[in-house]
Amino acid sequence: MPDFNRVLEPGNIDQGMLNAVIEIPMGSHLKIEYDRTRAAFMIDRIEPSIYAKPVNYGFIPQTKDEDGDELDVLLVTSEPVPTGVWLECRIVGVLKFEDGGEGDHKIVAVAADDRDSGDAINGLDDLGERWQQKIAEHFTHYKDLKKPGTTKVLGWGDIEEAKKIIFESIERYKP
């Protein structure tokens, strides 16, 4: 297994493009995380099935969010993307989020070449208010059975705000 933080760049953020490594496929309730020390994926825990991920979940290599982990990506596709796959994506916005009082933002993206539906998505508005509500509901409550009240959705941001957060995370990653 490659060490994604050594072999992949974050992407061409200025041009609205990022590289994403998928940890959890859409529909899975396995909490899979990339272990930087071992350069391998591991199952951290098994969530209740009612908290299956409504969207593919991964990270941007060579970034570090306020919580000390790589910056998260919510990848919108019509199909689940397998764990360990990386792809080039277009940035469409950001879910501003807190977990345990620390920033744990989620960059919303679509595959750079998604001829099924992604090519029609250029911003959060294209995903619709209902999609945003569903994602916010998931992240507000997915820890309720174990640690109620520890997560907080702070709102949504556009592409430019997403880029700003990515650039801050790239700076935070640098030694």
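Between 21, 55, 85, where does the largest GNM mean-square fluctuation fall for the chain, given springs only between Cα atoms within less than 10 Å?
Evaluated over the chain, the most mobile residue of the options is 85.
Output the antiparallel fraction of DSSP beta bridges having both residues in the chain, as a percent to the nearest 5.
On the way: 33 of 38 bridges.
Beta bridges within the chain, antiparallel portion: roughly 85 percent.
Using a Förster distance of 30 angstrom, determine the FRET efficiency expected from the C-beta separation of residue 160 and residue 6, and round it to 0.05.
On the way: r = 29 Å, r/R0 = 0.97.
My answer for the efficiency is 0.55.
Where the Cα atoms of the chain are projected onto their three principal axes, how long is each span, largest first, in whole Å?
39, 38, 29
If you bin every alpha carbon distance in the stretch 18-80 into 5 Å steps from zero, what whole percent lands in each bin?
4, 19, 25, 26, 18, 7, 0
What share of all Cα pairs of the stretch 71-175, in percent, falls into each consecutive 5 Å distance bin?
Per 5 Å bin, starting at zero, the Cα-Cα P(r) for the stretch 71-175 comes out as 2, 12, 20, 23, 20, 15, 6, 2, 0 percent.
Which order results if 141, 105 are arranged by neighbouring Cβ count within 10 Å, fewest first?
On the way: 141 15, 105 23.
Exposure proxy ranking, most exposed first: 141, 105.
Among 126, 99, rank each residue by its count of other Cβ atoms within 10 Å, from fewest to most, as a rough exposure measure.
Numbers: 126 15, 99 19.
Ordered from fewest to most neighbouring Cβ atoms within 10 Å, 126, 99 come out as 126, 99.
All of the numbers you see were taken from the coordinates with simple rules; none came from a lab. A quick note: this is a predicted structure, and the numbers were derived from the prediction, not measured. Quick reminder, even Gly has a Cβ in these numbers, built from the backbone with ideal geometry, and neighbours come from all protein chains shown.
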